[in-house]
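Quick notes on the structure that follows.
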């Protein structure tokens with residue numbers, strides 16, 4: 001199987017997946033939860049299925065209390081309401097008023113995040129992702145410092161990061177689209193998912209790179225693209241099997257593990273799939289592409 | 001000393017037994033009722049509680065006293081978490097750290113008095129802002145909790161210094177409401193709530209009304225004696241948070257360091273006041289930055305679902321590994337089972353607070369643990385295809401897969417380190433479980449699986 005020969009095909013496939021997400025990001029941005037923006041979130045839980053009248057009653061009560069509802073959603077027996085920052089007193093008052101008008105419900109969750117905390121969560125998330133990328137480049141460059149010519153360790157590091165950025169764009173882009181159409185929100189758990197995907201993606205890429213490093217010694221003299229292609233094929237079984245196990249576990253979490261982790265798991269599912277793809281079809285072929293470019297440049301200058 | 005597979009095997013067995021002992025809950029309830037058995041026409045029912053096992057038993061020699069329990073986060077248990085900001089503008093900059101710490105102590109005491117089991121009170125400094133995070137499992141009445149934590153029970157004693165000085169001695173000090181109708185020229189004495197040694201609730205012997213009994217520290221007793229001495233025949237006002245709760249006339253100097261506040265309280269009020277005084281006054285005022293209350297049913301529901309998902313995930317992996325790698329897969333599954341036991345034991349020992357995200361991290365780490373085995377087995381198969389005998393293929397499989405296992409796991413550790421550093425709450429929990437998972441998975445994949453394989457396929461027992 002010739003993966004390297006068809007590398008442009010795989011790069012284009014990545015572009016096709018990423019582009020809609022990028023467009024969505026530019027048009028609609030990311031639907032950030034109160035974790036980042038600050039605000040309050042109330043979860044009510046009902047004994048019976050929620051009727052539209054109930055929603056209207058809730059809306060009226062909030063209006064009477066001068067609390068602006070940003071979003072209100074219902075799922076079967078639960079209602080989620082997002083508002084600007086309200087305090088405990090207000091919440092208690094709203095609940096008391098509601099209890100007179102609607103029977104058999106209780107407040108399952110009340111969360112308030114002040115705008116300061118929200119801003120910090122955002123900046124910490126951005127910092128964490130950037131720092132993770134940076135340290136991973138450093139580590140990969142260090143781990144592959146003895147890699148034989150024609151490769152250079154810094155190239156390995158940078159190609160690993162390109163694969164990482166690919167995965168971040170895939171996940172963030174898809175969530176921007178999902179957020180727009182399914183009204184889901186990105187919370188701090190999503191950032192956790194994103195960082196896990198980073199770790200997993202590098203994990204995958206390193207396995208392929210490790211094989212390239214080994215084969216560079218073993219197959220010294222063979223052309224670089226053959227070595228890379230062979231390395232990809234040799235690790236393909238492992239890559240697919242590992243990915244499959246992790247994906248299966250994630251499916252188990254998705255099917256059986258409650259509503260609160262659903263989108264977290266979906267982010268991981270997308271990210272793990274993308275991570276496997278990018279380590280096989282992007283990171284390693286990029287090494288070859290880089291090698292070809294630098295050779296061309298040498299030829300031109302020399 | 002070189003570890004032979006046999007010695008390693010025994011070490012693994014010992015570790016496993018210890019982990020099982022730690023993992024087991026303290027009491028196990030067995031309740032089972034069989035359907036009617038035709039022959040004897042009876043139901044067999046077993047209902048037994050095994051209190052068995054006290055983990056202190058084998059830890060005694062090491063002098064470790066610990067109750068091993070799983071710490072559950074608020075999202076699994078239900079409860080309240082509040083982030084408070086301390087207002088430090090009146091505190092000297094070198095005293096800020098101290099003020100924050102003592103505020104933390106005060107809150108901790110108050111929360112403990114409140115009867116919260118395993119509360120978490122942490123301080124943090126973010127961008128020059130001083131914060132206290134309070135987590136109270138099982139508390140759903142946030143209103144009451146916030147009141148109890150945030151109330152500055154500032155006890156002050158006031159005396160009248162008469163007309164000789166027209167100016168107020170401390171103009172900046174806020175006067176308790178209504179004190180001007182009592183005193184011509186009120187002055188705050190140097191006796192405060194921090195001079196208290198202890199407070200208790202007692203009942204007046206005549207009226208049977210609840211009252212709060214104050215016992216001053218040595219220093220406080222002296223101050224109190226001074227105040228009562230110079231105010232014989234006059235009124236001394238006791239104020240709590242700028243509210244006069246009592247203004248008794250001093251009949252004679254009180255030397256013993258005891259005083260009683262009979263504010264006309266209900267028993268509940270007296271108790272609350274006693275708690276607030278006992279815990280001391282907050283050195284700084286606090287405001288709520290964020291809060292999160294989770295109902296108890298939501299927590300239990302999430303916990304059960306995640307546990308079930310975890311078990312399903314585990315079963316799926318075992319089936320998958322056995323289908324892919326046959327006998328090796330079975331061995332890897334046993335190693336995986338041990339891995340799970342080890343990790344759970346570590347969670348109990350540290351203890352790691354388990355949150356939903358943490359459980360997800362743990363389940364994910366099972367997946368990553370399998371990866372190490374897959375790497376090794378794929379390599380092993382490859383070496384076998386090259387015509388190497390199985391025992392050599394096993395050794396080569398392990399040694400050649402090692403570099404990629406090491407490098408990929410280190411990068412995972414880097415990510416979890418960053419998550420731990422920058423994350424808050426649930427994200428931190430996730431990072432910690434992931435890091436523990438990665439470390440233990442290296443042990444289980446390398447040491448445990450290899451030992452099993454060596455024992456089975458090692459020299460002499462060649463299959």
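The values are calculated or read from the model by the stated rules, or taken from the named source; none is laboratory data. Because the structure is predicted, anything quoted here is derived from the model rather than measured. Reconstructed Cβ throughout: ideal geometry from the backbone, glycine too, with neighbour counts over all protein chains shown.
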Original post:
Picking from B:429, B:423, B:367, which residue would you name as being buried (at least 24 other Cβ atoms within 10 Å of the Cβ), in contact with a strand residue (DSSP E or B) (Cβ under 8 Å, 6 or more places away or on another chain) and in the same structural domain as residue B:329 (by TED's automatic domain parsing)?
Top reply: B:429
Original post:
Of all the residues that make up segment A:126-148, how many are farther than 17 Å from residue A:162 by Cβ, loosely packed, with under 13 Cβ neighbours inside 10 Å and within 22 Å of the chain's Cα centre (by Cα)?
Top reply: 1
**OP:** Return the total of residues in segment A:78-92 being over 18 Å from residue A:115 (Cα atoms) and touching a helix residue (DSSP H, G or I) at 6+ places or on another chain (Cβ under 7 Å).
**Re:** 2
**OP:** From (1) without any contact (Cβ under 8 Å) to a residue 24 or more places away in the chain; (2) in contact with a helix residue (DSSP H, G or I) (Cβ under 9 Å, 6 or more places away or on another chain); (3) under 27 Å from residue A:19 (Cβ atoms), pick out the condition that doesn't hold for residue A:162.
**Re:** (1)
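Quick one: which of B:387, B:313 is assigned by TED's automatic domain parsing to the domain that holds residue B:411 and within 25 Å of residue A:260 (Cβ to Cβ)? Break it down into steps so the answer makes sense when it comes.
Values: B:387 fails: within 25 Å of residue A:260 (Cβ to Cβ).
Matching residue, one of B:387, B:313: B:313.
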**OP:** Considering only segment B:197-225, state which residues are part of a strand (DSSP E or B) and surrounded by fewer than 20 Cβ atoms within 10 Å (Cβ to Cβ).
**Re:** B:197, B:198, B:200, B:201, B:202, B:203, B:213, B:215
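To keep it simple, each residue is scored yes or no on (1) assigned by TED's automatic domain parsing to the domain that holds residue B:120; (2) over 18 Å from residue B:436 (Cβ atoms); (3) not in a helix (DSSP H, G or I).
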site: B:306; (1), (2), (3): no, no, no
site: B:329; (1), (2), (3): no, yes, no
site: B:336; (1), (2), (3): no, no, no
site: B:351; (1), (2), (3): no, no, yes
site: B:358; (1), (2), (3): no, no, no
site: B:382; (1), (2), (3): no, yes, no
site: B:406; (1), (2), (3): no, no, no
site: B:416; (1), (2), (3): no, no, no
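For the structure I just gave you, tell me whether residue B:447 is modelled with pLDDT of 80 or more, farther than 30 Å from residue A:117 by Cα and either more than 29 Å from the chain's Cα centre (by Cα) or within 10 Å of chain A (Cβ to nearest Cβ) (or both). It would help to see each step written out before you state the result.
On the way: modelled with pLDDT of 80 or more: yes; farther than 30 Å from residue A:117 by Cα: yes; either more than 29 Å from the chain's Cα centre (by Cα) or within 10 Å of chain A (Cβ to nearest Cβ) (or both): yes.
So residue B:447 fits the description; yes.
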Original post:
Looking only at residues in segment B:73-90 that are assigned to a loop (DSSP other than H, G, I, E, B) and touching a strand residue (DSSP E or B) at 6+ places or on another chain (Cβ under 8 Å), which one is nearest to the other protein chains (Cβ to nearest Cβ)?
Top reply: B:78
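Can you report the number of residues in segment A:136-158 which are closer than 14 Å to residue A:213 by Cα and part of a helix (DSSP H, G or I)? I'd like the intermediate steps shown before the answer.
In the first step, residues of segment A:136-158 are kept if they are closer than 14 Å to residue A:213 by Cα; the result is A:140-157.
Checking the rest, the ones that are also part of a helix (DSSP H, G or I) come to A:140-143, A:153-157.
The qualifying residues number 9.
Working only within segment A:255-264, note down all residues that are in contact (Cβ under 8 Å) with a residue 60 or more places away in the chain and within 7 Å of chain B (Cβ to nearest Cβ). Please lay out each step first, then the result.
Looking only at segment A:255-264, we keep the residues that are in contact (Cβ under 8 Å) with a residue 60 or more places away in the chain, and these are A:259, A:261, A:263-264.
If the condition is that a residue be in contact (Cβ under 8 Å) with a residue 60 or more places away in the chain and within 7 Å of chain B (Cβ to nearest Cβ), then A:261, A:264 are the ones that fit.
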Original post:
Only one of (1) over 27 Å from residue A:236 (Cα atoms); (2) more than 26 Å from the chain's Cα centre (by Cα); (3) in contact (Cβ under 8 Å) with a residue 40 or more places away in the chain is not met by residue A:64, so which one is it?
Top reply: (3)
Subject >> Residue list for segment A:165-204, restricted to those being modelled with pLDDT of 90 or more and either outside the structural domain of residue A:132 (by TED's automatic domain parsing) or under 20 Å from residue A:135 (Cα atoms) (or both) >> reply: A:165, A:166, A:167, A:168, A:169
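Is one or more of the residues making up segment A:236-254 in contact (Cβ under 8 Å) with a residue 40 or more places away in the chain, in the same structural domain as residue A:161 (by TED's automatic domain parsing) and within 30 Å of residue B:303 (Cα to Cα)?
Step one: of segment A:236-254, the residues in contact (Cβ under 8 Å) with a residue 40 or more places away in the chain are A:236, A:239, A:246.
With in the same structural domain as residue A:161 (by TED's automatic domain parsing) added as a condition, the list becomes A:236, A:239, A:246.
With within 30 Å of residue B:303 (Cα to Cα) added as a condition, the list becomes A:246.
Checked segment A:236-254: at least one residue is in contact (Cβ under 8 Å) with a residue 40 or more places away in the chain, in the same structural domain as residue A:161 (by TED's automatic domain parsing) and within 30 Å of residue B:303 (Cα to Cα).
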**OP:** Within segment B:91-116, work out how many residues are part of a loop (DSSP other than H, G, I, E, B) and surrounded by 16 or more Cβ atoms within 10 Å (Cβ to Cβ).
**Re:** 3
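For segment A:116-136, what are the residues that are touching a residue at least 12 places away in the same chain (Cβ under 8 Å) and more than 16 Å from residue B:413 (Cβ to Cβ)? Steps first, please.
Looking only at segment A:116-136, we keep the residues that are touching a residue at least 12 places away in the same chain (Cβ under 8 Å), and these are A:116-119, A:121-122, A:125, A:128-129, A:132-133, A:136.
Correct list: A:116, A:117, A:118, A:119, A:121, A:122, A:125, A:129.
What tally of residues in segment B:384-399 results from selecting those that are in a helix (DSSP H, G or I) and under 15 Å from residue B:457 (Cβ atoms)?
10
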**OP:** Within segment A:217-232, work out how many residues are surrounded by 15 or more Cβ atoms within 10 Å (Cβ to Cβ), touching a residue at least 24 places away in the same chain (Cβ under 8 Å) and within 13 Å of chain B (Cβ to nearest Cβ).
**Re:** 1
Original post:
Which members of segment A:28-77 meet the condition of being out of contact with any helix residue (DSSP H, G or I) (no Cβ under 8 Å at 6 or more places or on another chain), part of a helix (DSSP H, G or I) and over 19 Å from residue A:93 (Cα atoms)?
Top reply: A:52, A:53
Original post:
If you go through segment B:319-338 one residue at a time, do you hit one that is within 20 Å of residue A:249 (Cβ to Cβ), in contact (Cβ under 8 Å) with a residue 40 or more places away in the chain, within 23 Å of the chain's Cα centre (by Cα) and more than 10 Å from chain A (Cβ to nearest Cβ)?
Top reply: no
**OP:** Test residue A:148 against the stated conditions and say whether it is in contact (Cβ under 8 Å) with a residue 40 or more places away in the chain, more than 9 Å from chain B (Cβ to nearest Cβ) and out of contact with any strand residue (DSSP E or B) (no Cβ under 9 Å at 6 or more places or on another chain).
**Re:** yes
